[in-house]
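Report on one structure; see the data block that follows.
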Amino acid sequence: LKAAGWEAEILSGDRPEVVQRVGESLGIGGEGECTPETKVARVRELISRRGSHARGRARSHVVMVGDGVNDAAALATADVGIAVHGGSEASLEAADISIQRAGLDPIGELFQTSRKALVRIRVCLGVSLAYNAGAASLAMSGLLSPLGAAVLMPLSSLTVLAIAMCPIGRGN
């Protein structure tokens, strides 16, 4: 996530020395002995700041990843709450997304897939806009008959659908 330009920190109910060791091994900061209220307050603070992202882009979302009952309120408060494999029922209910595979790799994959999905959405919108603008221009200039426009419209939809249906995965 850091390589992708995301800011990350640990908010944990564990002892501060444990959080510090884990944070150092990951190259991120953290805070230990956090209560559920502390986590919610930090999430709200980040949401209210919405400052610059590490790569100079505006930060658009605050994401909370958690697995425990003490994470549920912060998961619900964040723009996007992600409950991880083995999480408590409360965290699974409060989160927007639930990851069913163990480990942290699925979180990175989630971000990569969502980025690819956004690109795909933009491509579909661009193709649709170009297709419709071209057909409208031809129709308004009299170069395209109503029958021709009626034939092109489902072709436009099928083209966008074909682009959207391509699997999003590694390399796509």
FRET efficiency for Gln20 and Met165, Cβ-Cβ distance as r, R0 = 30 Å, nearest 0.05?
0.05
One would report the antiparallel percent of DSSP beta bridges in the chain, rounded to the nearest 5, as 10
What does the helix-only formula give at 222 nm for the chain: each DSSP H stretch with n ≥ 4 adding -39500 (n - 2.57), the total divided by the residues, and the result rounded to the nearest 500 deg cm²/dmol?
-18000 deg cm²/dmol
Carbon + sulfur, % of accessible area of the range 54-172 - ligands and nucleic acids excluded, 1.4 Å:
66
Span-like helices, the chain: DSSP H, alpha-carbon axial extent 30 Å or more, mean Kyte-Doolittle -0.5 or greater, which ones?
105-140
Top positive-direction residue, dipole computed over the chain with Cβ charges, set Ile107, Ala41, Val19:
Ile107
Taking P(r) over Cα pairs in 5 Å bins from 0, in percent straight from the coordinates, which label in (i) 1, 8, 14, 13, 11, 9, 8, 7, 7, 6, 5, 3, 3, 2, 1, 1, 1, 0, 0, 0; (ii) 1, 9, 16, 19, 18, 15, 11, 7, 3, 0; (iii) 1, 8, 12, 15, 15, 12, 8, 7, 6, 6, 5, 3, 2, 1, 0 is the correct one?
(iii)
Relative contact order (percent) for the range 36-172, with alpha-carbon contacts under 8 angstrom and 6 or more residues of separation?
15
Dipole axis of the range 23-172 (+1 Lys, Arg; -1 Asp, Glu on Cβ), positive-most option in Ser141, Ser98, Val63:
Ser141
So, over other residues within a Cβ distance under 15 Å of Ser128, counting Lys, Arg +1 and Asp, Glu -1, the net charge is +2
Heavy-atom accessible area per residue - the range 19-172, 1.4 Å, Å²:
62
Rounded to the nearest 10 Å², what accessible area does Glu33 have for a 1.4 Å probe in the complete protein model?
120
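The values are calculated or read from the model by the stated rules, or taken from the named source; none is laboratory data. What you see is a predicted model, and the numbers here were worked out from it, not measured in a lab. Positions of Cβ are generated from backbone atoms using ideal geometry, with glycine treated the same way; all protein chains shown enter the neighbour counts. With ligands, DNA and RNA removed, areas are computed over all heavy atoms of the protein, side chains included. Shrake-Rupley method; radii C 1.70, N 1.55, O 1.52, S 1.80 Å.
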